[in-house]
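Laboratory data are not the source of any read-out in this text; all were calculated from the coordinates shown. Source: prediction; values computed, not measured. FYI the Cβ positions are ideal-geometry reconstructions off the backbone, even for glycines, and counts take in every protein chain you see.
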Amino acid sequence: MEELSGEEKKPWAPVAEMVRERSKEGKIVSQKELLKELAAQGSKAHRAETAEAELFRKAFEENEDLKELRDQDEEAWLYSSKWMSEAYAKALVRRRGDPLLLMAETIRENSLKYPRPIPLHLFQDLPFEMTEEEIESCLGKMKNLEGYEDIAQTTTSIGTVFLYSKAHLDPDHAAMLAEWLDVGQFNNP
């Protein structure tokens with residue numbers, strides 16, 4: 001009888017491998033997608049008699065870098081902290097939902113956690129990849145929708161627009177931080 005390697009003995013090893021591979025590519029993967037891929041590859045992890053919940057539980061126990069986030073529909077999304085930060089993974093999860101909520105939650109999180117305003121053009125970059133038109137549309141809608149009254153903007157001396165949450169940053173403080181981030185730090189050695 002052929003001796004199985006350590007990884008072959010662990011039916012959950014392909015779970016960790018696939019989550020890490022996706023994270024390296026800058027992507028998150030849902031549990032549903034992961035199970036489909038394992039089945040398509042004929043993986044022993046999928047064929048094992050271990051229940052799906054047990055498969056994921058073991059994978060998370062054995063691999064501290066595997067993390068899970070839930071979207072607004074409570075769907076589980078997985079990533080590896082070896083290859084992706086929690087903030088980036090959260091942005092990827094939020095991107096799958098309402099773009100207004102994506103922008104607002106990102107702005108609020110930065111205003112509260114760091115505290116700092118963020119440049120408007122940030123939403124054009126990865127992981128957001130929104131067009132100028134989408135960004136402007138969202139900002140226009142936020143001005144008229146209940147629940148977004150805290151989202152505000154300030155413009156630096158060189159014309160860069162920054163966004164912040166009035167619930168977490170005072171307007172004068174947000175303006176000063178934006179000026180420092182956009183102009184001051186580059187003019188001071």
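Considering amide H positions built from the backbone, and no H for Pro or chain starts, which residues 5 or more places from residue 66, or on another chain, come under 5 Å of its amide H?
Hits under the 5 Å cutoff: 81.
Once both axes come from the Cα atoms, what is the angle between helix 86-95 and the longest principal axis of the chain, in degrees from 0 to 90, rounded to 10?
Roughly 80 degrees between the two axes.
Roughly how many Å is it from the Cα centre of the stretch 81-158 to that of the stretch 170-189, as a whole number?
A separation of 19 Å, based on Cα centres.
Can you give the helix-only mean residue ellipticity at 222 nm for the chain, where every DSSP H stretch with n ≥ 4 adds -39500 (n - 2.57) and the sum goes over all residues, rounded to the nearest 500 deg cm²/dmol?
Working: 9 runs with 88 residues, N = 189.
Taking each H run of at least 4 residues, the total per residue is -13500 deg cm²/dmol.
Rounded to whole Å and sorted largest first, what semi-axes of the equivalent ellipsoid does the C-alpha gyration tensor of the chain yield via the square root of 5 times each eigenvalue? List each step's numbers first, then the result.
Values: eigenvalues 353, 61, 34 Å².
After diagonalising the Cα gyration tensor, the semi-axes are 42, 18, 13 Å.
Among the GluC sites (Glu not before Pro) in the stretch 103-142, which ones are in a DSSP loop with at most 16 other Cβ atoms within 10 Å of the Cβ? Mind listing them?
Values: sites: 105, 109, 129, 132, 133, 134, 136; in loops: 129.
When the GluC sites (Glu not before Pro) of the stretch 103-142 are filtered for loop state and at most 16 Cβ neighbours within 10 Å, 129 remain.
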